[in-house]
Amino acid sequence: MTNDAALSPDAATAAAGPHRCDVLVIGGGPAGATAATLLARKGHSVTVLEKDRHPRFHIGESLLPANLKLFEELGVSEEMRAIGIEKHCAEFVSPHHDAMQRFRFAEAWDKTMPYAYQVRRSDFDLVLIRNAERNGAQVLQGCRVREVDYDDDGATVSAEHDDGRREQWRARFVIDASGRDTFMANRLRAKQRNPKHNSSALYAHFEGARRHEGENQGNITIYWFDHGWFWFIPLADGATSVGAVTWPYYMKQRKGRSKAQFLLDTIDMCPALAERLKDACIVNEVEATGNFSYTTDRTYGKGYILLGDAFAFIDPVFSSGVMLAMQGAFFGAEAVDTCLREPARTAEAMRRFDKDMRHGPREFSWFIYRMTNPTMRDLFMGPRNTLRMREALLSLLAGDIYGKTPIWSSLTAFKVVYYLSSIKHWRRSLVAWQARKRNIQPVDDTELTGA
């Protein structure tokens, strides 16, 4: 008989058989950590497998006021307050308009959500994953999922640690919160380029950027320029996150320049932003992402659900990504709990989950697809509150789209105004439509992520 003590680590693990859990979560970002916390609280055994080790750099530092209630329910409000800087406004600057336009969250339809936070994602994600552990989830970092195989009783998940060890888990349910890795969607060939949108991004952290004073120091500012738009996000430690979101064709103009130089050259195309950064310097490695808008043809399947960016990613212009991921995790945790406790209600729970998951991206997408259109830019730079349209738009920008705030008829009125204005300026609208159709075409960006 073989002595287990003499076996290699991999062989010993295989001899012992797979670990068991009720729910296995792929990914320990905001969606995965939130779902793990909620399901562990409900009494399920939860394992989170995260390929990286926290803290780690991640983009997506600007949150929405709607995140605050989620923090309260997770019990992390004070921790988030400690790492964040308050964001009271979303600011828009256009080269075709004289004045900055500020959308103050306190003036939204619901006046109880007057601010959000800007956060370093390394700190933010660490708070959430530690909270999952405190609530009873087992979290394994530096552990990448390699395979998921299903049978009638659940799933066998195979993963590899960063030291080369391999382990297996038997899970009754799998949650894919793998972010842009889109583990399940890739495996199922369910992911495709978003046919209605496409963009690329180039971004870094700066020290020495000029901020506003007082309450406005933490505001996010969006700058339009000829090839897309920039974000300017102040962080609590004095750094500022700056990124350019552009049409994919623009990234081909890099032509041998370093990513850092290309970012600085791109910033020079936006004088208003360049002025705020004239005394600033880049303090980390410049990152780039190409052709990054995609969708997935499903939110769930037998024994699994997709959360956050593992389902879809559109564009970060409204800072909606983290809120959608976390809110989706609340919906997902409720659905998974129902499936595990009341299998007869699985179909009902999944239909409700699918409807809830698609709601947020759908409502934001209509605006995102049109943000570089001159008609939309005019409406944002000169908003009116006729039929409470401005308040409704502010509610959307705050992420207040899941509750009972009655914003939908006013947003419909805003869309009608948009279409009427587009018709009035039909020549300009036609030119913009034709340009956008060209601009969203994908390009070969295999060299984009190089030095």
With the other protein chains left in place, how much accessible area per residue, in square angstrom, belongs to segment 115-171 at a 1.4 angstrom probe?
-> 43 Å²
Using θ = phi - 60° and Karplus 6.51 cos²θ - 1.76 cosθ + 1.60, couplings along segment 246-253 (whole Hz; Gly, Pro as x) = 10, 5, x, 4, 5, 5, 5, 7
Sequence-distant or interchain residues sharing an amide H contact under 5 Å with residue 139, placed H: which?
-> 48
Against the longest principal axis of the chain, how steep is helix 121-134, in degrees 0 to 90 to the nearest 10, with axes from Cα atoms?
-> 30 degrees
Where the centre of each part is set by its Cα atoms, how far does segment 146-213 sit from segment 247-312, in angstrom?
-> 18 Å
Which percent of the Cα-Cα distances in segment 210-250 go past 16 Å?
-> 41 percent
To the nearest 0.05, what FRET efficiency results for residue 255 and residue 111 with a Förster distance of 45 Å applied to their C-beta separation?
-> 0.35
Once Rh is set to the Kirkwood radius over Cα pairs, what Stokes-Einstein translational diffusion coefficient, in µm²/s, holds for segment 358-420 at a temperature of 25 °C and a viscosity of 0.890 mPa s?
-> 206 µm²/s
Can you give the Kirkwood hydrodynamic radius of segment 143-185 from its Cα pairs, in Å with one decimal?
-> 11.0 Å
Just need the Rg to Rh number for segment 114-236, please, alpha carbons only, Kirkwood Rh.
-> 1.07
Listed here are the pairs 51/87; 51/191; 404/437; 355/437; which of them are more than 26 Å apart at the Cα?
-> 51/87; 404/437; 355/437
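Probe radius 1.4 Å, ligands and nucleic acids ignored: give me the carbon and sulfur share of the accessible area of the chain as a rounded percent.
Within the chain, the accessible surface is 50 percent carbon and sulfur.
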Relative to the first principal axis of the alpha-carbon coordinates of the chain, what is the inclination of helix 426-439, with its axis defined by its Cα atoms, in degrees from 0 to 90 and to the nearest 10?
-> 40 degrees
Got the relative contact order for segment 4-161 handy, in percent, Cα pairs under 8 Å and 6 or more residues apart?
-> 29 percent
What are the ³J(HN,Hα) values, in whole Hz, obtained from phi via the Karplus relation 6.51 cos²θ - 1.76 cosθ + 1.60 with θ = phi - 60°, for each residue of segment 25-30 in sequence order, with x given for Gly and Pro?
-> 9, 8, x, x, x, x
Under-5 Å amide H pairs with residue 87, H placed in peptide plane, nonlocal only = 116, 117, 118
Counting only heavy atoms of the protein chains, get the accessible area per residue of segment 200-247 (1.4 Å probe) and round it to a whole Å² value.
-> 27 Å²
For segment 393-408, in order, what is each residue's ³J(HN,Hα) by Karplus, 6.51 cos²θ - 1.76 cosθ + 1.60 with θ = phi - 60°, in whole Hz (x at glycine and Pro)?
-> 5, 4, 5, 4, 4, 7, x, 8, 10, 10, x, 9, 4, x, 8, 6
Taking the convex hull of Cα positions in segment 63-170, its mean projected area over all directions (nm²) = 12.0 nm²
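Taking N as the number of residues in segment 231-306, what value does Rg over Cα atoms divided by 2.2 N^0.38 Å take?
Rg over 2.2 N^0.38 Å, computed on Cα atoms: 1.49.
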Those lysines that a straight Cα-Cα span of less than 16 Å connects to residue 415, excepting residues fewer than 8 apart in one chain | 424
Once residue 211 and residue 152 are pulled to full extension, the length gained, defined as 0.36 nm per residue separation minus their Cα-Cα distance, is 15.5 nm
Given a 1.4 Å probe, the accessible area of segment 304-391 per residue, as a whole number of Å², is 36 Å²
Honestly segment 17-125 on the Cα gyration tensor test (a ≥ b ≥ c root eigenvalues; a/c under 1.5 rounded, otherwise a/b vs b/c for prolate or oblate) is just prolate
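The values are calculated or read from the model by the stated rules, or taken from the named source; none is laboratory data. Note that the coordinates shown come from a computational prediction; the quantities given were computed from them, not determined experimentally. Glycine also receives a Cβ, built like all others from the backbone with ideal geometry; neighbour counts cover every protein chain displayed. Note: areas computed on protein heavy atoms with side chains; ligands, DNA, RNA excluded. Shrake-Rupley method; radii C 1.70, N 1.55, O 1.52, S 1.80 Å.
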